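All remarks here apply to the structure that follows.
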Amino acid sequence: MTASPCRSAPVLEHMELPFFEPQQHDFVQKLNAFAASGVLQTIDYSDTDAACRQLVKLLGQAGLLTAVTGDNGRTEIDSRSVCLARETLAWHDGLADFAFAMQGLGTGAIGLAGSDELKQQVLPKVTSGEWLAAFALSEKDAGSDVGAMQCVAIRDGDDYILNGEKTWISNGGIADVYTVFARSGEAAGTRGISAFVVYATDPGFLIAERIDVIAPHPLATIRFENCRIPASRRLGAGGEGFKIAMRTLDIFRASVAAAALGFARRALDEALYHACSRQMFGSALSDLQLTQAILGEMATELDAATLLTYRAAWRRDVQKLPTTMQAAMAKMTATESAQLIIDRALQMFGGRGVKSGEITEKLYREIRALRIYEGATEVQKLIIARELLKSM
């Protein structure tokens, strides 16, 4: 996003809370130094694919991608660091946040369940920014309902042969490595799904369609036509794919909430600056009680979402407890609140708010997808309720 006179970096007051340790404070300083270096201003956003590749390369060179690969699989991913990175990067630039997050989501399953050989083959190249990664779970008729998956992987000696399609795949069309989930037949429903690593160079791997969305990001439908891969590229045991996918999403779902915080925080910062500088009816817009009430609501919603987000990350990192419900609460609350906060900020700007290229206009387009991907808001409600009912 273009530079703003309001602030040069987000103010993360929640860093003062006991959720964080020195390593997270050091990481935020590293993030701010990266953003302050001016490298984001060197990106040509007219070509989204090229911009993504360049962003990944820059993030890798800055050493920031170790956070999403667990230092090439040697350590457990620190959720708080991933969340802080996404919040900070989203404040500055939506595509930078996307590029960072996909390197982790696309390889998280490899770190969790991949062999040492696979980790050595893939993770260093992803961490350095040489390779781009993708996570291929969704299908045309199997998005929220993963059990309806139709993509199949048939065992053939020492290989698997994949056939079918995946759609809405982030980094689809430009990724070098894909974590793919396919029905392998061990059992019915989600218990018969396995996870595999597929390279873009594998014979039978095709890009069926590139998908354009309101906030430009690389997306595609990918197709497998008798795509033969070695069985050594299966992640975990046969039939464990769904569990691996859910474990991966549990790590990164809270980080989607953090990205929403970054967008919302930028919107609030822009709204505050605008309200204080915009003259209306003989005084500043901020002098109007209606404006003050709106700003008060925005700040409170942002604070509540922040606490839920870092509670989930802290619970996973420090307490080592399941975070399925907490991450779902954070994702639902942060994305829905961010949509409202950005909408209010845009309204405050009036006609200028919807002008193409304005920060509020970009934020408005960026936030919408977060309420859908990695589990739509409606799915998060079901997850929360299901976890509650388990405790009865």
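The values are calculated or read from the model by the stated rules, or taken from the named source; none is laboratory data. Treat the numbers as computed from the prediction; the structure is a model and nothing was measured. In case anyone asks, the SASA skips ligands and DNA or RNA and just uses the protein heavy atoms, side chains included. Shrake-Rupley method; radii C 1.70, N 1.55, O 1.52, S 1.80 Å.
Among Arg278, Arg80, Arg247, the largest mean-square fluctuation in a Gaussian network model of the chain (Cα springs under 10 Å) belongs to Arg278. Rolled with a 1.4 Å probe across the full set of protein chains, the surface gives Asp303 an accessible area near 100 Å². When Arg74, Arg183, Arg266, Arg7 are compared by accessible surface with a 1.4 Å probe, the order from highest to lowest is Arg74, Arg7, Arg183, Arg266. Extension gain for Ser37 to Glu76 (0.36 nm times residue separation, less C-alpha to C-alpha distance): 11.2 nm. Report the Cα centroid-to-centroid distance between the range 154-204 and the range 281-326 in angstrom, as an integer. Answer, in whole Å: 39. For the pair the range 346-368 / the range 251-273, the C-alpha centres are spaced 15 Å from each other.
Screening the chain for whole DSSP H helices with an alpha carbon extent of at least 24 angstrom along the helix axis and a mean Kyte-Doolittle hydropathy of at least -1.0 yields 241-277, 289-314, 324-349. Ligands, DNA and RNA left out, the 1.4 Å accessible surface of the range 64-153 is 45% carbon and sulfur atoms. Label the range 315-356 by shape, choosing from rounded, prolate and oblate, from the square roots a ≥ b ≥ c of the eigenvalues of the Cα gyration tensor; if a/c is under 1.5 it is rounded, and otherwise prolate applies when a/b is larger than b/c, oblate when it is not. Since a/c reaches 1.5 and a/b is larger than b/c, the shape of the range 315-356 is classed as prolate. Match the structure shown to one of the listed values [x] 18.9, 59; [y] 26.3, 104; [z] 21.0, 80 of Rg and Dmax of the Cα atoms in Å, computed from it, and give that label. Computed from these coordinates, Rg and Dmax of the Cα atoms in Å corresponds to label [z]. Of Asp287, Asp212, the order by accessible heavy-atom surface (1.4 Å probe, DNA, RNA and ligands excluded), from most exposed downward, is Asp212, Asp287. When the surface is traced with a 1.4 Å probe over the full set of protein chains, His25 keeps roughly 80 Å² accessible.
Using a probe of 1.4 angstrom and keeping all protein chains present, the accessible surface of the chain works out to 43 square angstrom per residue.
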